[in-house]
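In what follows, a structure is listed as structure tokens, so that the remarks can point back to it.
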Amino acid sequence: MKIISDIQELRDHLRGQNRASFVPTMGNLHEGHLSLMRLARQHGDPVVASIFVNRLQFGPNEDFDSYPRTMQADIDKLEKEGVYILFAPTERDLYPQPQEYRVDPPQQLGDILEGEFRPGFFKGVCTVVLKLLSCVQPKVAVFGKKDYQQLMIIRQMAKQFALPVEIIPGETVRAEDGLALSSRNGYLSTEERAEAPELQKALRDVRARVLDLNERNTHSLIEIEKIAVDLLTSRGWQPDYIAIRQQCDLAPASNESLKAGEPLVILTAAKLGKTRLIDNLEI
Ligand code: AMP
């Protein structure tokens, strides 16, 4: 595997390749990331991965400085997956000048859910993803459904800018107890790690109640969301949101969309101690 930090060198190595597939990451790789590498291999060749902890998408009180950086272990994992190039730019490589041009996603997608609790997050994400896509120029790029809203926003960005790339979604990889794998799981104490699968259980409970609602109209969707928030809160979590949304645009689900059989998704973000976890479940 070639490890490249310089944009020009990356371009030189990829010259003439028009079937490359690309998986951008922030490193500290786990099975979830590696599953995306395998998916990328099915859709293009060579596989290019990137590791870059993108300062632009972190808020002032977030974990940019403490975000886990495990480059050597990551390199070993990518080698085993047969990744052809690891693009691992420094901040100076990727942002040689202050990145003053930014991509601002539309409010109705970028300022809701994650965007409401992490202002500017998706602006930082879109900006770095556009730049990485411009560096690698892949035929396909793979993003995880774990970051459901991010996947949707990147798809729309690619569409509205007519980027010559196909965005491919990867399923969420979970631990045996249901917890979605995440680099931030490493922040959890032993007790918190034991509690963490309750987030996924809460989503499953919401899904069961929503499906039940179809038959016996007992609760409204908002009540169902509140039951889940209250349950997690009583267990010591600090939920930011549990939201039942339409898959197509992440707009709030209504009883009408439910009746029409509109595909829905339940999204959540909640803090356990100091660690903020996100997850989602499609209905
Ligand atoms: P990150 O390093 O957290 O920026 O994630 C890089 C990519 O891996 C993103 O497309 C994520 O959605 C994806 N990803 C993160 N966790 C998982 C997981 N548990 N299963 C599948 N994909 C994941």
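Quick look at the values:
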| read-out | value |
| --- | --- |
| FRET efficiency for residue 259 and residue 91, using Cβ-Cβ distance with R0 set to 41 Å, rounded to 0.05 | 0.25 |
| Rounded, prolate or oblate (a/c below 1.5 giving rounded, otherwise prolate when a/b exceeds b/c) for the range 124-283 by Cα gyration tensor | oblate |
| Length released on extending from residue 139 to residue 102, taking residue separation times 0.36 nm less the Cα-Cα span | 11.0 nm |
| Sites residue 71 and residue 223 - FRET efficiency at Förster radius 41 Å, r taken between beta-carbons, to 0.05 | 0.30 |
| Hydrodynamic radius of the range 90-160 per Kirkwood, over alpha carbon pairs, in Å | 12.9 Å |
| Residue order, fewest to most beta carbons within 10 Å, for 165, 136, 48 | 165, 136, 48 |
| Unit charges at the beta carbon, dipole of the chain: most positive-side option, 189, 85, 148 | 85 |
| Length released on extending from residue 189 to residue 177, taking residue separation times 0.36 nm less the Cα-Cα span | 2.7 nm |
| Inverse of mean 1/r across different Cα pairs in the chain, Kirkwood, Å | 19.9 Å |
| Efficiency of FRET between residue 241 and residue 13 - r from beta-carbon atoms, R0 35 angstrom, step 0.05 | 0.25 |
| Gain upon complete extension [residue 233, residue 161; 0.36 nm per residue less C-alpha separation] | 21.8 nm |
| Of 139/201; 77/145; 131/159, those spanning more than 25 Å from alpha-carbon to alpha-carbon | 139/201 |
| Ascending count of other beta-carbon atoms within 10 Å, so fewest first, for 70, 233 | 233, 70 |
| Lys, Arg +1 and Asp, Glu -1 on Cβ, resulting dipole of the chain about Cα centre, debye, nearest 20 | 520 debye |
| In the range 1-90, GluC sites (Glu not before Pro) in a DSSP loop with at most 14 other beta-carbon atoms within 10 Å | 62 |
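Read the figures in this text as sums done on the coordinates, not as results from a lab. Just so it is clear, the structure is predicted and the values come from calculations on it, not from any experiment. Don't worry about glycine lacking a Cβ; one is built from the backbone with ideal geometry, like all the others, and counts go over all protein chains shown.
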